């Protein structure tokens, strides 16, 4: 079991790296999901996610999560072949948490060097901020 701290990691790079590791059969727990970042203009990111949520008709809307842990998990699911058995099995190996749960306080946290947001310009949004703008509370 691998515990990954998502603090300061870019969402897309994190998701692609995690999906590869899940497909190889590794159990992964991600903590601090609300502290991961999405690069780009704040307004364009908010519009993109609002359009995801409002997709569909008034009678039947498409489900898109608002909480940061579920947005991160959904992003990873998009990079897996989840309609096939191998993708569903890989997806079941993933757990994502907001903050650090009590049972993982003493665990060794791993980070992903290729997903660090060290070179980001001033244009980025934390997943927790985005989630609150979409109307989520946790």
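The values are calculated or read from the model by the stated rules, or taken from the named source; none is laboratory data. Values in this document were obtained by computation on a predicted structure and should not be read as measured data. Cβ: placed from backbone, ideal geometry, glycine included. Neighbour counts: every protein chain shown.
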Residue by residue through region 75-86, note down the ones that are more than 17 Å from residue 29 (Cβ to Cβ) and either assigned to a helix (DSSP H, G or I) or in contact with a helix residue (DSSP H, G or I) (Cβ under 7 Å, 6 or more places away or on another chain) (or both).
78, 79, 81, 82, 85, 86
Taking region 87-96 and keeping residues touching a helix residue (DSSP H, G or I) at 6+ places or on another chain (Cβ under 6 Å) and in a loop (DSSP other than H, G, I, E, B) leaves 93
Regarding region 57-64, can at least one residue be identified that is part of a helix (DSSP H, G or I) and either under 16 Å from the mean Cα position of the chain (by Cα) or surrounded by 12 or more Cβ atoms within 10 Å (Cβ to Cβ) (or both)?
no
Just a yes or no: is a residue in region 41-51 out of contact with any strand residue (DSSP E or B) (no Cβ under 6 Å at 6 or more places or on another chain), within 19 Å of residue 4 (Cβ to Cβ), surrounded by 15 or more Cβ atoms within 10 Å (Cβ to Cβ) and at pLDDT 80 or above?
no
Out of (1) closer than 11 Å to residue 127 by Cβ; (2) modelled with pLDDT of 95 or more, the odd one out for residue 27 is which?
(1)
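Please enumerate the residues belonging to region 101-138 that are part of a loop (DSSP other than H, G, I, E, B), at pLDDT 90 or above, out of contact with any helix residue (DSSP H, G or I) (no Cβ under 8 Å at 6 or more places or on another chain) and surrounded by 15 or more Cβ atoms within 10 Å (Cβ to Cβ). Steps first, answer last, please.
Kept after step one, since they are part of a loop (DSSP other than H, G, I, E, B), are these residues of region 101-138: 101, 105-109, 111-112, 117-123, 135-138.
Now restrict to residues that are at pLDDT 90 or above: 101, 105-109, 111-112.
This time we only want the ones that are out of contact with any helix residue (DSSP H, G or I) (no Cβ under 8 Å at 6 or more places or on another chain), so: 101, 105-109, 111.
Of everything in region 101-138, those that are part of a loop (DSSP other than H, G, I, E, B), at pLDDT 90 or above, out of contact with any helix residue (DSSP H, G or I) (no Cβ under 8 Å at 6 or more places or on another chain) and surrounded by 15 or more Cβ atoms within 10 Å (Cβ to Cβ) turn out to be 107, 109.
Given the residues 33, 15, which is the only one that is in contact (Cβ under 8 Å) with a residue 12 or more places away in the chain, within 12 Å of the chain's Cα centre (by Cα), closer than 15 Å to residue 90 by Cα and surrounded by 22 or more Cβ atoms within 10 Å (Cβ to Cβ)? Write out each step before concluding.
On the way: 33 fails: closer than 15 Å to residue 90 by Cα.
Just a single option satisfies the conditions, and that option is 15.
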Give the residues of region 65-86 that are surrounded by fewer than 17 Cβ atoms within 10 Å (Cβ to Cβ), in contact (Cβ under 8 Å) with a residue 24 or more places away in the chain and within 18 Å of the chain's Cα centre (by Cα), sorted by residue number.
78
Residue list for region 87-104, filter: in contact (Cβ under 8 Å) with a residue 24 or more places away in the chain and more than 13 Å from residue 24 (Cα to Cα)
95, 96, 97, 98, 99, 100, 101, 104
Under the condition of being more than 14 Å from residue 75 (Cα to Cα) and in contact with a strand residue (DSSP E or B) (Cβ under 8 Å, 6 or more places away or on another chain), which residue from region 87-99 is surrounded by the most Cβ atoms within 10 Å (Cβ to Cβ)?
97
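Find the residue count for region 36-56, including only residues that are outside any loop (DSSP other than H, G, I, E, B) and over 12 Å from the mean Cα position of the chain (by Cα). If you could, list the steps in order and put the result at the bottom.
The initial filter retains those residues of region 36-56 that are outside any loop (DSSP other than H, G, I, E, B), namely 37-39, 42-53, 56.
Cutting the leftovers down to over 12 Å from the mean Cα position of the chain (by Cα) gives us 39, 42-53, 56.
Count: 14.
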